[in-house]
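Take a look at the structure below.
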2 protein chains.
Amino acid sequence: MDKKKLYRAFKAIGEPTRLKIVKMLAQGSFCVCELSEYLDMLQPRISQHLKILKDEGLVRENRESYWVYYSLDKEAFHRLWHDFMAYLDTDLKTLGEFEEVVKRMENKVCNQRIRDTKIKKMQNKLSGEQN
Amino acid sequence: MDKKKLYRAFKAIGEPTRLKIVKMLAQGSFCVCELSEYLDMLQPRISQHLKILKDEGLVRENRESYWVYYSLDKEAFHRLWHDFMAYLDTDLKTLGEFEEVVKRMENKVCNQRIRDTKIKKMQNKLSGEQN
DNA sequence: TATTTATATAAGGATTTAAGAATATATTTA
DNA sequence: TAAATATATTCTTAAATCCTTATATAAATA
């Protein structure tokens, strides 16, 4: 429900290499060397991207002797979307981040100006028609 | 179902300013000047981010005289998640992007090596126990 | 303990991106 | 047509990001 958590998760998926890794892990669990070999990418590149996905809680790691197997936390993905939808549905007033925004909206400075302009325009048109 | 389309949409949401704009538009439709005023951001900044969201088909624009009102295409969001889930479920073999990957996996060079190592290790342990 | 294998982290360079300033375009009105 | 208003686009700079190379860490084995 936290904005930062949301955009960071989307940012994590919103990158071609990481989406490719996510797609691989959707097929099953793989260790770093397998991903590196199958995707034909250098190992540090895989590790770094996996770290980003892990930091967002989207993948899990599982050490087996030398190898660290990574797998998708599918529940985390569903939670992500659910939280995002809930975030969009949440009343602005209850979100601390929008405190100042809500104040500005209550003043309706901008809306007021627009409305005034529109009213003025309509009045002008009407008075024009009366001539 | 296209990987590029997917990661670009997530990338669009995966940025704090744009997520904030999306959240605003989830409350209703706003023109650029309203967003600019309420979010206390310079107008070009709003326009630029709206363009990115629009390019991904996540928001719609609607001109009314001077003003361009933007609104959320909620259906596009649902479609995005649906397509993402479908992408994850799709067989690797049917995705052109993974053609080479599938070939490498079929060779099982990496798996083979790992398996061999594990088998060797197990054999060593077994032979050790027999001593 | 030294070596091997797999993975993680750090440093560097190249590219991309976001933000602000300046300018251009579009629509309406005088 | 000129001026006013709202929006879009361009340009520049600073920061972030990605990839590679090099190095460090962790686990297993000789």
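The values are calculated or read from the model by the stated rules, or taken from the named source; none is laboratory data. In this text, all values refer to a predicted model and were calculated from it rather than measured experimentally. Because the Cβ atoms are built from the backbone with ideal geometry, glycine has one as well, and the counts that use them run over all protein chains shown. With ligands, DNA and RNA removed, areas are computed over all heavy atoms of the protein, side chains included. Shrake-Rupley method; radii C 1.70, N 1.55, O 1.52, S 1.80 Å.
Is one or more of the residues making up the range B:65-84 near DNA strand D (Cβ under 10 Å from one of its atoms), without any contact (Cβ under 8 Å) to a residue 40 or more places away in the chain and either more than 10 Å from chain A (Cβ to nearest Cβ) or among the hydrophobic types (A, V, I, L, M, F, W, C) (or both)?
Within the range B:65-84 (the criterion being near DNA strand D (Cβ under 10 Å from one of its atoms), without any contact (Cβ under 8 Å) to a residue 40 or more places away in the chain and either more than 10 Å from chain A (Cβ to nearest Cβ) or among the hydrophobic types (A, V, I, L, M, F, W, C) (or both)), the answer is yes, since at least one residue qualifies.
Return the residues of the range A:63-74 that are open to solvent by less than 90 Å² (accessible area, probe 1.4 Å) and either farther than 17 Å from residue A:48 by Cβ or not in a strand (DSSP E or B) (or both); say none if nothing qualifies.
A:64, A:65, A:67, A:69, A:71, A:72, A:73
Out of B:28, B:14, which single residue is closer than 24 Å to residue A:95 by Cα, within 11 Å of another protein chain (Cβ to nearest Cβ) and either touching a residue at least 12 places away in the same chain (Cβ under 8 Å) or open to solvent by 20 Å² or more (accessible area, probe 1.4 Å) (or both)?
Exactly one residue qualifies, and that residue is B:28.
Tally time: how many residues in the range A:59-97 are in contact with a Leu (Cβ under 7 Å, 6 or more places away or on another chain) and within 16 Å of DNA strand C (Cβ to nearest atom)?
Number satisfying all stated conditions: 5.
Determine the pairs where a residue that is within 13 Å of residue A:22 (Cα to Cα) and more than 9 Å from chain B (Cβ to nearest Cβ), located within the range A:32-58, has a partner that is near DNA strand D (Cβ under 7 Å from one of its atoms) and of a type in the set (Asp, Glu) with Cβ atoms under 8 Å apart, the partner being 6 or more residues away or on another chain.
Qualifying pairs under 8 Å: A:49/A:15.
Does the range A:46-57 include one or more residues that are within 10 Å of DNA strand C (Cβ to nearest atom) and under 21 Å from residue B:103 (Cα atoms)?
Scanning the range A:46-57, I find at least one residue that is within 10 Å of DNA strand C (Cβ to nearest atom) and under 21 Å from residue B:103 (Cα atoms), so the answer is yes.
Quickly run through the range A:35-62 and pick out the residues that are outside any helix (DSSP H, G or I), more than 8 Å from DNA strand D (Cβ to nearest atom) and open to solvent by 50 Å² or more (accessible area, probe 1.4 Å).
Correct list: A:40, A:60, A:61, A:62.
Report yes if residue A:20 is over 28 Å from residue B:20 (Cβ atoms), surrounded by 15 or more Cβ atoms within 10 Å (Cβ to Cβ), of a type in the set (Lys, Arg) and in contact (Cβ under 8 Å) with a residue 12 or more places away in the chain, otherwise no.
Considered against the rule, which asks whether it is over 28 Å from residue B:20 (Cβ atoms), surrounded by 15 or more Cβ atoms within 10 Å (Cβ to Cβ), of a type in the set (Lys, Arg) and in contact (Cβ under 8 Å) with a residue 12 or more places away in the chain, residue A:20 comes out as yes.
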